[in-house]
Amino acid sequence: MIMQRLRQLLLLLFAAGIVFLGMFQMFMRLENAMPMRYVLLLSVAFALCVVFWSVLSHMQPFASQSILPCVVLLTGVGITMIARIDHQNGDTSFGTQQLVWACIALALCTVLVTVLRDYRMLRRFAYICMVIGLVLLLSPMVPGLGMEMYGARIWIHIGSHSLQPAEFAKLFLAIFFAAYLFDHRDQLAVGGKRIGSMHLPRLRDLGPILVVWAVCMGVLVIQHDLGTSLMFFAMFVSMLYVATGRKSWIALGGLFFVIGAIAASTIFAHVGNRVHAWLHAFDPQVYNAIGGSMQLVQGVFGLATGGLVGTGLGQGHPTVTPLSQSDYIYTSLGEELGLVGLFAILALYLVIITSGLLIALRNSDGFGKLLASGLVFTMAFQVFTVVGGITLVIPLTGLTLPYIASGGSSLIANYMLMALLLVVSNTANKPDADVQSDTFQYAAMLALREKEKEKAQKAALQAKHSRKARSLAITVPAEQLSQATTQTTIQTSDTHRNIASTDTAEMTEFPSTATMPILQDAAAQPQPDQSQTDQSQATETQTIQPQAGQVQSAQEQAGDEQ
């Protein structure tokens, strides 16, 4: 474990060293000295990065350690290029602002991995995340709060700063999509009609994808933001495919995408202009038109100027392209780092995306699998749309390159995305218990003994309760039987006493003349045989003795129980 931690720390130091050397070389070439503000901010950012790695290693010991060095290197490359553009512009400070945002992002990630020990607790707040995500997504439409920039209303004012809430909305909506699809994956996986090797979904299962498609189209209509609407719809369709494994959802999502794209390019002017500029970028009329293809063509010329190895840091002219520090920072990097530098940047993104997909594959929890795949696909989609739009593969969408482009909202949101991936990877990479080891067997034996002891204690307690219940059930009839026997004895003695007193009274009186015939008739009747009398008395004695024995045994048993 110690050697593994040392390797992880060396990777982090290697990434930080490349960033520092690149920035030092760039400033020495431009100013012959490195500004002190950058030295201080870089030192703070590096200290926060080490703190974040230490907390991550302690709180999430099995988290993937290949993601953080790549993110740090991408962030450093982006800040270096932004600072270089600031120097050429002369009156901007986007580089120092980006360093401050990076420090804030690292601090927030440290808090997140400390508080969120288990990502599965997020599933309980799925619908709360849905509400928060929709509120953030639609907040730019609030009068007095939202603002329109570059033809899209996707920004809100907070004091003197502006914020792009859609960057944070994607995190909350990814959590909601993962929880919803995990709970309803069985219903959505049921196929309907079969066309070839593909099962079409049932009509009653089309509700979720229709709702998400309608929301994305609403964002496109209201906010004029093509990139955000495409990103959310693509994220949901990809997570739907991961949840069900049905290719028909991909085909259906592609069909809805084509319908939406054709409708948007026909109805909305700004979307139609982007498609027209993409198809006819080098047409002079389109190039010189307002909102035409001038920005696209300048970016392509910048990439061509860089060639294979680039002009070198500080030797190019990236500011010729508008928005060279944000939307078109990829062309700025291509001009000064060349095709080799761009491939290295794409390789770093590939490492992050591959690590995220491996996290999703290794995770046995369905919710974690969907969450990791949704987050990493969102990042991959952003990289594809930005690079594809700049290189004329697809029309421009207005999204920014993660970790590199200037902007605090994008940087902090993508750092939070990285932290969530690391928390999920801790569960995915946690090793299974070795059932053959002596430690595991000893722990299992102790657990079995504790279980047997609890079972014995429970059985003894049940036996004690059953004995007490039997004793109570027997004591009450015995007492009743004893009272009945006593009453019978008293009544019998009273009866014999009354009979004896009656006989004595009759014998002491002199019989009258009227009673003499009766006595004579009684005397004249034949008397029963003495043997028959003895036999009847013996029978009565045998009948009474068992009853008395039963009464005596019941009384003895009641006395023993008492």
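The values are calculated or read from the model by the stated rules, or taken from the named source; none is laboratory data. Remember, predicted model here, so these are calculated numbers, not experimental data. Cβ: placed from backbone, ideal geometry, glycine included. Neighbour counts: every protein chain shown. Heavy atoms of the whole protein, side chains included, go into the accessibility calculation; ligands, DNA and RNA do not. Shrake-Rupley method; radii C 1.70, N 1.55, O 1.52, S 1.80 Å.
Computed over the alpha-carbon pairs of region 287-444, the distance histogram in 5 Å steps reads 2, 9, 15, 16, 15, 12, 9, 7, 5, 3, 2, 2, 2, 1, 0, 0 percent, short to long.
Looking at this model, which pairs from K247/K369; K170/K369; K369/K430 are more than 22 angstrom apart at the alpha-carbon?
Values: K247/K369 18 Å; K170/K369 17 Å; K369/K430 14 Å.
Cα-Cα > 22 Å for no pair; all within.
Rolling a 1.4 Å probe over the protein heavy atoms gives region 1-108 an accessible area of 46 Å² per residue. A cut-off under 12 angstrom between Cβ atoms defines the neighbours of H58, and their net charge, with Lys, Arg +1 and Asp, Glu -1, is +2. Each 5 Å bin from 0 upward holds the following percent of the Cα-Cα pairs of region 20-159: 2, 8, 13, 14, 13, 15, 15, 11, 6, 2, 0, 0. Straight-line reach only, C-alpha to C-alpha below 19 angstrom: list the lysines that K458 could link to, leaving out same-chain residues fewer than 8 apart. Those lysines meeting the cut-off are K468.
On alpha-carbon atoms, Rg over Rh for region 103-172 using Kirkwood Rh?
Taking Rg over the Kirkwood Rh, I get 1.06.
Centroid-to-centroid, using Cα positions, region 28-105 and region 276-294 are 37 Å apart. Given C-alpha coordinates of region 243-378, what is the ratio Rg to Rh with the Kirkwood estimate of Rh? Result for region 243-378 is an Rg/Rh of 1.09.
What a 1.4 Å probe finds exposed on region 1-49 is 76% carbon and sulfur by accessible area, rounded to a whole percent.
With every protein chain present, what is the per residue accessible area of region 290-379 (1.4 Å probe, Å²)? Could the numbers behind the result be given before it?
Working: 3420 Å² over 90 residues.
On a per-residue basis, region 290-379 sits at 38 Å².
Computed FRET efficiency, Cβ-Cβ of L279 and L323, R0 22 Å: what is it to the nearest 0.05? Write down the numbers at each step before the final one.
Numbers: r = 22 Å, r/R0 = 0.98.
Efficiency computed from Cβ-Cβ geometry: 0.55.
Taking 0.36 nm per residue of sequence separation and subtracting the Cα-Cα distance, how much length would be gained by fully extending the chain between K453 and F24, in nm to one decimal?
Numbers: separation 429, 0.36 × 429 = 154.44 nm, distance 6.89 nm.
Full extension from K453 to F24 adds 147.6 nm.
Give me the number: length gained by fully extending E148 to L346, i.e. 0.36 nm times residue separation minus the C-alpha to C-alpha distance, one decimal in nm.
On the way: separation 198, 0.36 × 198 = 71.28 nm, distance 3.15 nm.
That works out to 68.1 nm of additional length.
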